[in-house]
Amino acid sequence: MKIARFTTGEDPRYGVLDGEDLVVLTGDPLYTPPTPTGQRVPVDSVRLLAPVIPRSKVVCVGRNYAEHAAELGNEVPELPLLFIKPNTTVVGPDDPIVLPSWSQEVHHEAELAVVISRICKDISAEQAGQVILGYTAANDVTARDVQKEDKTWTRGKMFDTSCPLGPSLVTDLDPADLRISASVDGEMRQDGRTSQMIRSVADLVAYASSIFTLLPGDVLLTGTPAGVGPIEAGQRVEVEIEGIGTLGNPVLRR
């Protein structure tokens with residue numbers, strides 16, 4: 001099932017993608033079973049939004065693809081390398097990525113995102129499937145020059161608009177071996193598969209839950225394959241994940 005969050009100029013609603021239409025749902029699928037209202041709206045008549053706005057946090061995993069770690073001259077960490085993005089970083093499909101004034105080198109990073117469905121703490125990898133609502137595409141936009149300069153990744157990873165999510169949330173997807181790519185103005189930059197992850201989705205969810213409580217709507221980004229590179233004002237970056245779709249965003253600098 002592909003669930004989209006959308007607006008027609010009023011409060012956000014949810015719908016299940018059915019061909020060229022959205023079948024409108026009652027309530028929020030995070031808290032209520034998806035129940036159709038009977039209303040259908042054409043997809044091309046609505047504005048798609050980020051499929052979820054995390055109530056608490058976006059948990060991100062660094063260096064979870066060996067080739068990406070190598071391209072930046074880094075070793076693969078012994079334990080998953082985690083950092084947090086606040087929910088103010090999240091934007092949806094076609095929302096602009098706004099380059100910060102204090103960075104001159106901002107990179108795209110295509111990632112598979114996992115949406116958590118329930119409160120969990122200290123779960124095992126075998127239990128991870130019980131707390132996953134679904135999957136979406138993400139772009140972990142990174143101010144690379146600042147990331148290298150600072151001792152922490154706060155400025156480099158956590159600025160507004162640095163976490164596009166979308167275009168939909170897919171609930172019945174096997175994340176083990178999906179093609180994941182990123183292109184800028186139609187030029188392919190990243191082209192990998194989730195099977196290249198050092199640690200699996202289940203292992204990452206379990207590890208994150210050992211550090212802090214995960215809440216409904218929290219999002220886990222699972223790392224990026226090799227090929228990251230710069231984005232400039234006026235360009236359009238697209239992240240595509242097999243079974244999910246394409247997340248596209250224009251880039252601007254105010």
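Summary table
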read-out	value
Close pairs (8 angstrom Cβ cut-off, 6 or more residues apart or separate chains): without any contact (Cβ under 8 Å) to a residue 60 or more places away in the chain in the range 183-205, of a type in the set (Gly, Ala, Ser) and surrounded by fewer than 17 Cβ atoms within 10 Å (Cβ to Cβ) anywhere	SER195/ALA176
Conditions (1) surrounded by 20 or more Cβ atoms within 10 Å (Cβ to Cβ); (2) outside any loop (DSSP other than H, G, I, E, B); number of the one not met by GLY223	(2)
The one condition in (1) open to solvent by 10 Å² or more (accessible area, probe 1.4 Å); (2) over 30 Å from VAL46 (Cα atoms); (3) modelled with pLDDT of 95 or more; (4) more than 13 Å from the chain's Cα centre (by Cα) that ALA143 fails to fulfil	(1)
Every pair of residues 6+ apart whose Cβ atoms lie under 8 Å, when the first sits in the range 9-22 and is without any contact (Cβ under 8 Å) to a residue 24 or more places away in the chain and assigned to a strand (DSSP E or B) while the second is open to solvent by 70 Å² or more (accessible area, probe 1.4 Å) and not aliphatic (A, V, I, L, M)	VAL16/LYS2; VAL16/PRO36; ASP18/ARG40; ASP21/ARG40
Residue satisfying all of: in the range 61-77; under 25 Å from ASP160 (Cα atoms) and in a loop (DSSP other than H, G, I, E, B); least open to solvent (accessible area, probe 1.4 Å) among these	ASN64
Lone qualifier among PRO29, PRO33, PRO80 - being surrounded by fewer than 15 Cβ atoms within 10 Å (Cβ to Cβ) and over 30 Å from ARG253 (Cα atoms)	PRO33
Yes/no for ASP44 being open to solvent by 10 Å² or more (accessible area, probe 1.4 Å) and either aliphatic (A, V, I, L, M) or in a loop (DSSP other than H, G, I, E, B) (or both)	no
Within the range 181-197, tally of residues that are touching a Lys or Arg at 6+ places or on another chain (Cβ under 8 Å) and open to solvent by 60 Å² or more (accessible area, probe 1.4 Å)	3
Scan of the range 102-119 for residues that are of a type in the set (A, V, I, L, M, F, W, C) and open to solvent by 10 Å² or more (accessible area, probe 1.4 Å), ordered by number	TRP102, ILE119
Residue satisfying all of: in the range 122-175; in contact (Cβ under 8 Å) with a residue 24 or more places away in the chain and among the hydroxyl-bearing types (Ser, Thr, Tyr); nearest to ARG5 (Cα to Cα) among these	SER168
Test: VAL205 is open to solvent by less than 30 Å² (accessible area, probe 1.4 Å) and in contact with a Lys or Arg (Cβ under 9 Å, 6 or more places away or on another chain)	no
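The values are calculated or read from the model by the stated rules, or taken from the named source; none is laboratory data. Keep in mind the model is a prediction, meaning the values are calculated, not measured. Please note: Cβ atoms are built from the backbone with ideal geometry, for glycine as well, and neighbour counts cover all protein chains shown. Just the protein is used for accessible areas: all its heavy atoms, side chains included, with ligands, DNA and RNA removed. Shrake-Rupley method; radii C 1.70, N 1.55, O 1.52, S 1.80 Å.
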